[in-house]
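All remarks here apply to the structure that follows.
The values are calculated or read from the model by the stated rules, or taken from the named source; none is laboratory data. Predicted model, so just to flag it, every value in this text is computed and none were measured. Glycine gets a Cβ as well: all are built from the backbone with ideal geometry, and neighbour counts include every protein chain shown. Calculation scope for accessible area: heavy atoms of the full protein, side chains included, ligands and nucleic acids excluded. Shrake-Rupley method; radii C 1.70, N 1.55, O 1.52, S 1.80 Å.
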Amino acid sequence: RGQEVEEEVSDAAMRIGQGFDAHRFAAPDADRPLWLACLPWDGTGIEGDSDGDVAAHALIDALLSAAGLGDIGSLFGVGSDSAGAGQHGGAMLRHAASVLAEHGFAPVSASVVIIGNRPKIGPRRVQAEQALSAAVGCPVSVTATTTDGMGFTGAGQGVAAIANALVTETGR
C-alpha cells in the first residue's frame, strides 16, 4: 500500500499555502490559560476570541490557502460571536481538515515557525508536533525563534507564527 500511496500523491496536483497569525499576551490578571500548538503551557494566555493559539491559527490559514478556500476568518468568522469564539486550536484544525476533505483536498505535510520569547518550545517540540499532526492528519514540523529583542514579540508583548502547508487534490 505504501507504493500505491506514493504513486497516488505523485500523480495528484499538489498545492502549497502559507499562513500567519499574531496575538498579544493577555493581562496577567485576565486568568486566561496559555494554549500554543494545541497544548496548554504555563504562563499568561494569549488574547483572542478563541484560545489565541497562533500556531494552530497560522496552520489553518496555510491549509485553507493551499486549497484556495480562503482563510480562518472566512471559515469561522471574526469576533466574539463568531463560530470560532471560545474554541481550542485543535478543534479548529480538525474542522479545517474536514472542510478540505469536503472540497477534495488532503494535507500532505506542514511546518510551523513559532516566533516569541515564551514559552520555550524546545522542551515540548515533539509534543507540539504530535498534537498538531494529530489534529491536521499529516506530519507537522515545529520550529521556534526569537526576534532578538525587536518588535512586539522581542519585547515579550506577544507571540506570532508562520505556517506552510502542502495539500494534494484527492478528487473526492
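Scan the range 77-95 and give yes if some residue there is more than 23 Å from G158 (Cα to Cα) and touching a Lys or Arg at 6+ places or on another chain (Cβ under 6 Å), otherwise no.
Checked against the condition, which is being more than 23 Å from G158 (Cα to Cα) and touching a Lys or Arg at 6+ places or on another chain (Cβ under 6 Å), the range 77-95 yields no hits at all.
G77 - would you say it is open to solvent by 10 Å² or more (accessible area, probe 1.4 Å), modelled with pLDDT under 95 and on the phi > 0 side of the Ramachandran plot? I'd like the intermediate steps shown before the answer.
On the way: open to solvent by 10 Å² or more (accessible area, probe 1.4 Å): yes; modelled with pLDDT under 95: yes; on the phi > 0 side of the Ramachandran plot: yes.
So G77 passes the test.
Within the range 1-39, can you find the residues that are modelled with pLDDT of 95 or more and either open to solvent by 60 Å² or more (accessible area, probe 1.4 Å) or β-branched (V, I, T) (or both)?
If the condition is that a residue be modelled with pLDDT of 95 or more and either open to solvent by 60 Å² or more (accessible area, probe 1.4 Å) or β-branched (V, I, T) (or both), then M14, R15, I16, Q18, F20, R24 are the ones that fit.
S50: more than 16 Å from I16 (Cα to Cα), in contact (Cβ under 8 Å) with a residue 24 or more places away in the chain and crowded, with 21+ Cβ neighbours inside 10 Å, yes or no?
yes
Do we find that S80 is of a type in the set (S, T, N, Q), in contact (Cβ under 8 Å) with a residue 24 or more places away in the chain and not in a loop (DSSP other than H, G, I, E, B) in this structure?
Here the answer is no, as S80 does not meet what is asked.
Which of the numbered conditions does G70 fail, given that it passes all the others? Conditions: (1) touching a residue at least 60 places away in the same chain (Cβ under 8 Å); (2) part of a loop (DSSP other than H, G, I, E, B); (3) of a type outside the set (K, R); (4) in contact with a Leu (Cβ under 6 Å, 6 or more places away or on another chain).
Checking G70 against (1) touching a residue at least 60 places away in the same chain (Cβ under 8 Å); (2) part of a loop (DSSP other than H, G, I, E, B); (3) of a type outside the set (K, R); (4) in contact with a Leu (Cβ under 6 Å, 6 or more places away or on another chain), the one that fails is (1).
When you go through (1) modelled with pLDDT of 95 or more; (2) out of contact with any Ser or Thr (no Cβ under 7 Å at 6 or more places or on another chain) one by one for V113, which number turns out not to apply?
Of everything listed in (1) modelled with pLDDT of 95 or more; (2) out of contact with any Ser or Thr (no Cβ under 7 Å at 6 or more places or on another chain), V113 misses just condition (2).
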